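The values are calculated or read from the model by the stated rules, or taken from the named source; none is laboratory data. Keep in mind that what you see is a predicted model, and the values were worked out from it rather than measured. No Cβ is skipped: glycine too gets one built from the backbone with ideal geometry, and neighbour counts run over all protein chains shown. Remember, those area values only see protein heavy atoms, side chains included, never the ligands or the DNA or RNA. Shrake-Rupley method; radii C 1.70, N 1.55, O 1.52, S 1.80 Å.
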Amino acid sequence: WYQRRVREAVVSTQSTGDNNINPATAPVQNNCNSDNHTVSLGFESLSHYTEVETDTLRLYGAAALDGLDKNNTVSNVAAISHIYFKFIPYDSIVPHFPKLRVRFPALQGLTFSFSSISSLKQLNSLTSVRRLDFITLSPEGNPVTNFSLWKFYLLYRLSHFNLRKINEVEVSMTDTVLAEQLFSDLGNVTLQHFDLSRILGLLPDVRRKQILGHCDTLEQKKNVSAKQTEDRRKLIIAAEQKNRPIGTESVNVAALVYNSTSRPKSAKASDKVSLATSQILDEIVASAISRQNKLTALEKVWNSVLRDTVRSATNDFACVSSTVDKALSQIQDT
């Protein structure tokens, strides 16, 4: 389906006067002196190609991802601050995330169009990029955007990124606080199912050594030995949350991961885990939505409820004797 779109793009490009571009040849450089920028088009076939314009790298078709590992595919990589993926399945992009920060040190944002992002858990993998200022998920070809809370989940999962924009809309402090309120329970519940070794595995080496040393010191002061007990597990979580450096990922959030590697569909254990995880997420999201709806409804009627309560109390104090008589009669009737 995307091959037809790419062919249309090729025809459109050729019709603008650049007749030297041949989809079957190696990348061609086209210098546009009037705009003082360079456009590099690399067509390996009619199903995918790579385009570089000023600070934006555009990749069309899954095979274009191979160009991320080739030095001669993208010129001036140091200037690339934005990567645009189109017609590329998201799970095919995920393995390349850890390389992006090394390959493109000035990278600030990613855009996904027709990438088949269909679940919130897929967004967990974006943490591998390590730092971003903005993310755009086009509604076209990304079903997850139909879920009204996807932006808040993205803010919660990438809270250590301090995102500035999502879908070209500025992120406010209110958005960040609401995201924490909506999904903090999800991280806590997930972490409860992790044993001590898995929790320690979520921490970078330096922080892990610091936290373990801190816990050992506390245990020596209290003259206790709880290295393999639930107490030590809670102690490590508390120490991590208290001593976490600003701008780093909390262990509660780090527990939310996504493995894009496909597993055999016949594995019953894997199916059960996936089903249980999906059910837990659905329940937590449904609870969060219900709580938010109740708070919204309360805010609408709160002023009138408060006004009626104050008016009733004022009337009672204005006629104390009649109020007392009425109360006594009610007591006698019961």
Problem - Some residue of region 288-305 being touching a residue at least 12 places away in the same chain (Cβ under 8 Å), of a type in the set (Gly, Ala, Ser) and assigned to a helix (DSSP H, G or I) - result: yes
Completion exercise
Reported set for region 108-157 where residues are within 14 Å of Ile88 (Cα to Cα) and in contact with a Leu (Cβ under 9 Å, 6 or more places away or on another chain) is Leu110, Thr111, Phe112, Ser113, Ser115, Ile117, Leu137
Problem - Subset tally (residues that are open to solvent by less than 10 Å² (accessible area, probe 1.4 Å) and either over 16 Å from the mean Cα position of the chain (by Cα) or β-branched (Val, Ile, Thr) (or both)) for region 172-202 - result: 2
Practice task
Residue by residue through region 101-142, note down the ones that are hydroxyl-bearing (Ser, Thr, Tyr), in a loop (DSSP other than H, G, I, E, B) and closer than 14 Å to Phe85 by Cβ.
Solution key: Ser115, Ser116, Ser138
Handout entry: Residue that is nearest to Ser118 (Cα to Cα) [pool: residues in region 275-311 that are loosely packed, with under 10 Cβ neighbours inside 10 Å and among the polar types (S, T, N, Q)]
Key = Thr296
Problem - Candidate set: region 143-171, residues that are in a loop (DSSP other than H, G, I, E, B) and open to solvent by less than 50 Å² (accessible area, probe 1.4 Å); chosen: the one nearest to Ser115 (Cα to Cα) - result: Asn167
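For (1) under 22 Å from the mean Cα position of the chain (by Cα); (2) at pLDDT below 80, each residue gets a yes or a no:
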| residue | (1), (2) |
| --- | --- |
| Leu235 | no, yes |
| Ala239 | no, yes |
| Tyr258 | yes, no |
| Thr261 | yes, yes |
| Leu275 | yes, yes |
| Glu299 | no, no |
Fill in the blank from the handout: By residue number, the members of region 59-89 that are at pLDDT below 75, under 11 Å from Arg103 (Cα atoms) and either open to solvent by less than 40 Å² (accessible area, probe 1.4 Å) or basic (Lys, Arg) (or both) are Lys70, Val74
Practice task
Scan region 71-89 and give yes if some residue there is under 30 Å from Phe183 (Cβ atoms), of a type in the set (Phe, Trp, Tyr) and more than 19 Å from the chain's Cα centre (by Cα), otherwise no.
Solution key: no
